[in-house]
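Asker: Dumping the structure here so I can ask a few things about it.
The values are calculated or read from the model by the stated rules, or taken from the named source; none is laboratory data. This is a predicted model, so every value here is computed, not measured. Cβ placement follows ideal geometry from the backbone for every residue including glycine, while neighbour counts extend to all protein chains displayed. Protein only, heavy atoms only, side chains kept; ligands, DNA and RNA dropped before computing areas. Shrake-Rupley method; radii C 1.70, N 1.55, O 1.52, S 1.80 Å.
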Amino acid sequence: HTRCSRDWSSDVCSSDLWEIRQYLARKKASPDVSNKILNKLSSRGLIDDASFAATWVASRQLLKPSSRRKLMLELQQKHISKDIILEVLGDYEQSEQQALNELITKKRQTTRYKDNTKLMAYLLRQGFNYGDIKQAIADE
């Protein structure tokens with residue numbers, strides 16, 4: 001009980017409730033112990049889905065720029081509510097275009113993506129809109 005609590009509280013400032021439940025289940029914590037840990041973390045303000053989602057999006061933008069659609073799917077897989085996702089991704093339209101342009105620039109430096117068709121296929125798999133991709137490639 002103490003070890004699980006200590007591991008999570010020192011790891012991050014805000015965590016997703018679903019991920020913590022999964023972690024405790026993997027550690028075979030009893031329901032009583034799990035509830036005590038979750039209550040303790042919650043009372044200390046360490047469980048906050050909105051903060052977790054905002055941090056997740058900021059981290060993804062910094063480390064691996066992605067489309068709004070892909071970020072939305074990743075957050076849904078982490079069981080973040082749709083309201084929180086929409087709130088966090090509300091301002092992402094402008095950032096998505098910037099992420100697309102940066103990704104195109106980065107991928108053009110490799111020999112694999114000199115061809116527009118391969119680059120477009122890659123960007124589509126990353127969740128970017130076809131029209132946005134076509135426009136961004138035309139503008140470069």
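Asker: For a Förster distance of 25 Å, can you work out the FRET efficiency between the beta-carbons of Gln98 and Ala50, rounded to the nearest 0.05?
Answerer: 0.60
Asker: Report the residues of the stretch 110-127 in range of a label on Arg69: point 7 Å along Cα→C-beta, backbone N strictly under 16 Å from it.
Answerer: Label zone hits: 119-127.
Asker: What does the charge count near Arg108 come to, summing +1 for each Lys or Arg and -1 for each Asp or Glu among other residues with Cβ under 9 Å from its Cβ? Could the numbers behind the result be given before it?
Answerer: Numbers: positive: Lys106, Lys107, Lys114; negative: Glu140.
Within the 9 Å Cβ shell, the charges total +2.
Asker: Per DSSP H run of at least 4 residues, take -39500 (n - 2.57); add these up for the chain, divide by its residues and hand me the 222 nm value, nearest 500 deg cm²/dmol. Kindly include the intermediate steps, with their values, before the conclusion.
Answerer: Details: 9 runs with 102 residues, N = 140.
Rounded to the nearest 500, it is -22500 deg cm²/dmol.
Asker: Where a ≥ b ≥ c are the square roots of the eigenvalues of the C-alpha gyration tensor, would you call the stretch 27-140 rounded, which needs a/c under 1.5, or, failing that, prolate if a/b is larger than b/c, or oblate?
Answerer: It is prolate, given that a/c is not under 1.5 and a/b is the larger ratio.
Asker: Output ³J(HN,Hα) for the stretch 23-33: one whole-Hz value per residue in order, computed from phi by the Karplus curve 6.51 cos²θ - 1.76 cosθ + 1.60 with θ = phi - 60°, and x for Gly and Pro.
Answerer: Per-residue couplings from phi come out as 4, 5, 5, 5, 7, 6, 6, 5, x, 5, 5 Hz.
Asker: Using a 1.4 Å probe on the protein heavy atoms, what percent of the accessible area of the chain belongs to carbon and sulfur?
Answerer: Numbers: 4370 of 8790 Å².
Accessible surface attributable to carbon and sulfur in the chain totals 50 percent.
Asker: Which of the pairs Lys27/Lys64; Lys40/Lys64; Lys64/Lys114; Lys40/Lys70; Lys36/Lys78 have their Cα atoms more than 25 Å apart in this structure?
Answerer: Exceeds cut-off: Lys27/Lys64; Lys40/Lys64; Lys40/Lys70.
Asker: Residue by residue through the stretch 125-140, what is 3J(HN,Hα) from phi via Karplus (6.51 cos²θ - 1.76 cosθ + 1.60, θ = phi - 60°)? Round to whole Hz and write x for glycine and proline.
Answerer: Values, residue by residue: 5, 7, x, 6, 6, 4, x, 5, 5, 4, 5, 5, 5, 5, 7, 6 Hz.
Asker: What length, rounded to one decimal in nm, is gained on full extension from Asp91 through to His79, with 0.36 nm per residue of separation minus their alpha-carbon distance?
Answerer: Gain on extension, Asp91 to His79, equals 2.2 nm.
Asker: Could you derive backbone 3J(HN,Hα) for the stretch 76-87 from the dihedral phi with the Karplus parameters 6.51, -1.76 and 1.60 (θ = phi - 60°), listing whole Hz in sequence and x where the residue is Gly or Pro?
Answerer: 5, 5, 8, 6, 7, 5, 4, 4, 5, 4, 5, 5
Asker: Right, something else. Please work out the average accessible area per residue across the stretch 47-140, using the 1.4 Å probe convention, and give it in Å².
Answerer: Ligands and nucleic acids excluded, the figure is 61 Å² per residue.
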